[in-house]
Amino acid sequence: MAVAAAQKNREMFAIKKSYSIENGYPSRRRSLVDDARFETLVVKQTKQSVLEEARARANDSGLESEFIQDVAHLSNGDKTPTVEDGTHQDETKNGQLDADFDDDGGKKDEDYTLTEEEVILQNAASESPDAEHAVQKAALLLRLRDGMGSLARILKTIDNYKGCVEHLETRPSQEDGMQFDALVKICMSRTNLLQLIRALRQSTSFAGVNLLSENNLTNKTPWFPRHAVDLDNCNHLMTKYEPELDMNHPGFADKQYRERRKQIAVIAFAYKYGDPIPSISYTESENSTWQRVFNTVLDLMPKHACREYKAAFNKLQEADIFVPHRIPQLEDVSNFLRKHTGFTLRPAAGLLTARDFLASLAFRVFQSTQYVRHANSPFHTPEPDCIHELLGHIPLLADPSFAQFSQEIGLASLGASDSEIEKLSTVYWFTVEFGLCKENQQLKAYGAALLSSIGELLHALSDKPELRAFEPASTSMQPYQDQEYQPIYYVAESFEDAKDKFRRWVSTMSRPFEVRFNPHTERVEVLDSVDKLETLIWQLNTEMLHLTNAIKKLKSSHFE
C-alpha cells in the first residue's frame, strides 16, 4: 500500500519530466546546486535514451512521421510541423527525385531514422509557430550513386521546398559504390528542411543524407522563456524531498499533513499566467507555526539583519501584510511587491529545478510555495515553504537594489549551459540564500535562509565559520553544505559592489548573445541584430536626455 501511494504521488508531482529519487537522486540532500547537477546528469542520460527509443520505434513501424511527433511531444508539445511552402513529389519527371516503389505501386517501407542534429532541428521548430517557419541555414552531405546527373534533381527539389542554395561543392567519393559526395549549403524554413531531408532519403539515388551541425543548429542553447506567460511551462519539480517520499521528512508519518500538501499542490499546478493567485484558508495550527517563527524573527532582526531587510519588513508591517497571527496571502504580497520593485509572485507546488526557478527571476517573478512546514518542526524545513519565502525572501525583493540583483541572476541564466546553471545556482546560494554583508564594519545577514533559520543565523555571525570576500568566479566553484551549518560564508562590501562584480563575471560566460528585459512588454529580448541594438540605443539616448535635463534644472534652481 505504501509503495502504491508513493508511486501515485510521484506521478502527480513529476510534471513533463521527473528529477526525483526514483531516478537516483539522494533523498536527503536538497540544494539548487545539486538540483542543477542532477538536471545535467538526467539531460545527458535522457538525451541518448530518447533518441534510441524513438529511432527503434520508427524502425519498427517504418513511419518517421510518428517519430517526429514523439520527439516534438517530448520537447515542447504535440505540435508536428507541416510543409506549407513546399510540396513533396515522388516522381522522376520534370527533374524531380525518384522514390522507391514496390510491385503494386506503393512505397517501400524503408527504415528511416533521424540523426541527433535532425532531432535538435525538430525540437527548435516545435517551440512555436514562428520557430517552425524561421529561416534556417544548414549544410547537407549527400553521397551520390548515379553521378552528377542527380545534382539537377537535388536543386529542383530544394527549389520546390522554397530553399536557396548558398554553396555547392562536389568531390569523388571514397566510398565503394558511390560516384560523388556533394556538400550543399542551403537556407530555408525549418519545417521545409525536415521535409527536404525526408524526400532525399526516400530516393534511390543517394546512399547517405547527413545534416551537418551549424553554429545555429546545436543544442548548446536550451529553450528559455521569452515572455512571462511562458513561465507556465517552467514548473518542473525536484520531487526528491516530498513528505510522501522521504522517511526523514517531518510529515512523512502524518497522513493529514500529506493530504493537505496535495490539496495546495493541485492549486499551484492549475495556476496560469494572469490568474489571481488563489487564497489558501490556513488552519489554526498553520497560523500558530507562522506566529512562532515570525516572533523569533522580530526578536533577532534589529541586531542581525541588514538595514534594507529591516526597512522593507517595517513597510510590510505598516501595510498590514506582516502580522503575527495570520499568514499573508500571496496575492496581497504580490501586489505590495509590484508597487515597490515590479516583482510579482506566482504559486509553486514545490522545489523547482534550478533552471526554471532562476528563469522566473528574469521576469521579476518569484515562484513561491503556499504550504506550511510541519508543526513539529517550526524552526526548520527540509524544503522551501511559505514561511521561508515570506520571511526570508519577500522583504529584500521589496528593496530596489536587491530586486535588480535578483533579476540579473535570472537574466544570466537564460540560455546558459548546464554547467553555467550550476555556477549561477552556487552564486545564488551564497548570496540570496546565505549572503552576509558589511554594515558599519559589522556583519549583517541578507540571505533568506539565514533570516528564516535561527540556528544558521547565529552560527553565521559567530566566530566558527570561515568568512570570505564575495568574488563570483571563486564563489561559483565553492562546494557547500546543505545538511549542516555552512562552514564558509561570503561577505559583500555592499549590494552595489556585489552587483558590479556579478556583472563583470557574467560577461565572461560562454552564452553567445545578450538579453534584456523589456518591462513594457514583459518580454525578454535577445540582442542579436543591428535593428534591436539601434532601438535600444535610441531608448537609452532618450533616457540620458531626460537625466541631463533634470540635472540642469536642479543646478539652476540651486543657484537661484
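The values are calculated or read from the model by the stated rules, or taken from the named source; none is laboratory data. Here the structure is a predicted model, which is why all the values come from computation and not from measurement. Neighbour counts run over all protein chains shown; Cβ positions are idealised from the backbone, glycine included. Heads up: the accessible areas ignore ligands, DNA and RNA and are worked out on the full protein's heavy atoms, side chains in. Shrake-Rupley method; radii C 1.70, N 1.55, O 1.52, S 1.80 Å.
Scanning region 314-350 for residues that are open to solvent by 10 Å² or more (accessible area, probe 1.4 Å), closer than 23 Å to R292 by Cβ and not charged (D, E, K, R) returns N314, Q317, A319, I321, V323, P324, H325, Q329. Examine region 361-369 for a residue that is of a type outside the set (K, R), in a helix (DSSP H, G or I) and under 18 Å from the mean Cα position of the chain (by Cα), and state whether such a residue exists. Taking every residue of region 361-369 in turn, at least one turns out to be of a type outside the set (K, R), in a helix (DSSP H, G or I) and under 18 Å from the mean Cα position of the chain (by Cα).
If the condition is being within 28 Å of P225 (Cβ to Cβ) and among the charged types (D, E, K, R), then region 521-554 contributes E522, R523, E525, D528, D531, K532, E534, E543. The single condition among (1) crowded, with 22+ Cβ neighbours inside 10 Å; (2) within 21 Å of E420 (Cα to Cα) that Q407 does not satisfy is (1).
Just to be sure, is A416 buried (at least 21 other Cβ atoms within 10 Å of the Cβ), closer than 25 Å to P479 by Cβ and small (G, A, S)? It is true that A416 is buried (at least 21 other Cβ atoms within 10 Å of the Cβ), closer than 25 Å to P479 by Cβ and small (G, A, S). The condition of being acidic (D, E), out of contact with any helix residue (DSSP H, G or I) (no Cβ under 8 Å at 6 or more places or on another chain) and touching a residue at least 40 places away in the same chain (Cβ under 8 Å) holds for only one of E408, E331, that being E331. A search for C-beta distances below 7 Å between a residue of region 138-155 that is of a type in the set (S, T, Y) and any residue that is outside any strand (DSSP E or B), counting only pairs 6+ apart in sequence or on different chains, returns S150/S205. In region 499-527, the residue that is farthest from R364 (Cα to Cα) out of those that are part of a helix (DSSP H, G or I) and open to solvent by 60 Å² or more (accessible area, probe 1.4 Å) is R504.
Considering region 231-247, and only residues there that are touching a helix residue (DSSP H, G or I) at 6+ places or on another chain (Cβ under 6 Å), assigned to a helix (DSSP H, G or I) and crowded, with 21+ Cβ neighbours inside 10 Å, the residue that is modelled with the lowest pLDDT turns out to be K240.
Among residues of region 182-230 being at pLDDT 85 or above, open to solvent by less than 10 Å² (accessible area, probe 1.4 Å) and not hydrophobic (A, V, I, L, M, F, W, C), the one that is farthest from R143 (Cα to Cα) is P225.
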